[in-house]
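Engineer: Just dropping this structure here.
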Amino acid sequence: MAIPRPTRIQAALFDFDGTLADTERLGIELDDEAYAHFGITPTQGEKNSLAGTDGLESIPALFRAHGMDVSAAEFFAHRRPSDVIYEEMPLEASPGARELMGRLRAGGTRVAVVSTTEHRLVVTALGRVGLLDLVDLVVGGDDVARHKPDPEPYARALKALGVAAHEAVAFEDSPSGVASAQAAGVHTLGYTGSSVPQDLSAADELFSSFELLDL
């Protein structure tokens, strides 16, 4: 059953990777370098399946599909660290994201970023793309015990902001993110404008651009 959109939005909770900035395309570039080391060429669908996950289960599953037993730790040992995405590689905010966040804050809505990525890297990237000054709270992957699709990241953000789930909306570009937000009781908008298309049919609403979103 769909979760209704709040009449008055008290909190807007944004995923970062693939939603506020196109980091997932850059992550796939790093993944491709590591896949080459192991001698495999995953399909685009297999690559996309890793988006929005921490890789601990999805990476071994991908390699098993290619007849190999490779742990996430082994994979990451041969992959450049993700830090370079957030600290060095070219990065821009999704079109219209800053304007939407500004309008929401001007209307009294609290703004949070809820991500599986390490807290400090999210903060660094938000600063680089010019969004940090519009964010009241960041919940990173190292701030919680359980990652998306578990509801803990969103539940933690709601508690920290002092906002009830039915007063909030979430913006997500991955099935695991949608599941996490909805499990926390939050109306979730699925962003279809990401460079890594995913099945967002479970979202309460879909939108293709922050520039066209009416909130």
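Only the coordinates and a few stated rules stand behind these numbers; no lab work does. Keep in mind it's a predicted model, so treat the numbers as computed, not measured. Neighbour counts run over all protein chains shown; Cβ positions are idealised from the backbone, glycine included.
Engineer: Got a sec? How would D143, D15, D214 order by Cβ neighbour count within 10 Å, fewest to most? Don't skip to the answer; put the middle values down first.
Structural biologist: Values: D143 18, D15 29, D214 5.
Final ranking by Cβ density, sparse to dense: D214, D143, D15.
Engineer: Can you figure out the FRET efficiency of H37 with L91, using R₀ = 25 Å and their beta-carbon distance, to the nearest 0.05? Each step should come with its number before you reach the end.
Structural biologist: Numbers: r = 25 Å, r/R0 = 1.00.
Calculated transfer efficiency: 0.50.
Engineer: In the neighborhood of L161, defined by Cβ-to-Cβ distances under 9 Å, what is the net charge if each Lys or Arg adds +1 and each Asp or Glu adds -1?
Structural biologist: Numbers: positive: R110, K159; negative: D136.
Residues close to L161 contribute a combined charge of +1.
Engineer: Relative to the longest principal axis of the C-alpha atoms of the chain, give the angle of the C-alpha long axis of helix 152-161, reported between 0 and 90° and rounded to the nearest 10°.
Structural biologist: Computed tilt is about 30 degrees.
Engineer: Taking every DSSP beta bridge with both residues inside the chain, roughly what % is antiparallel (nearest 5)? Write down the numbers at each step before the final one.
Structural biologist: Working: 1 of 20 bridges.
Once the DSSP bridges in the chain are tallied, antiparallel ones form about 5 percent.
Engineer: In nm, to one decimal, how far is the H119 label point from the H66 one, both placed 7 Å along Cα→Cβ?
Structural biologist: For H119 paired with H66, the spin-label model returns 3.5 nm.
Engineer: With a/c under 1.5 counting as rounded, go ahead and sort the range 114-194 into rounded, prolate or oblate using the C-alpha gyration tensor (a ≥ b ≥ c being the square roots of the eigenvalues; past the cut-off, prolate if a/b is larger than b/c, else oblate). Show your work: numbers first, answer last.
Structural biologist: Details: a/c = 1.41, a/b = 1.29, b/c = 1.10.
Judged from the Cα gyration tensor, the range 114-194 comes out rounded (a/c under 1.5).
Engineer: Follow-up. Can you give the calculated 222 nm mean residue ellipticity of the chain, where each DSSP H run of n ≥ 4 adds -39,500 (n - 2.57) and the sum is split over every residue, rounded to the nearest 500 deg cm²/dmol?
Structural biologist: On the way: 9 runs with 79 residues, N = 215.
Calculated from helices alone, the mean residue ellipticity at 222 nm is -10500 deg cm²/dmol.
Engineer: Still on this structure: Pop a pseudo-label 7 angstrom from the Cα along the beta-carbon direction at both M1 and L56 and give the gap in nm to one decimal.
Structural biologist: Here the answer is 3.2 nm between the modelled labels.
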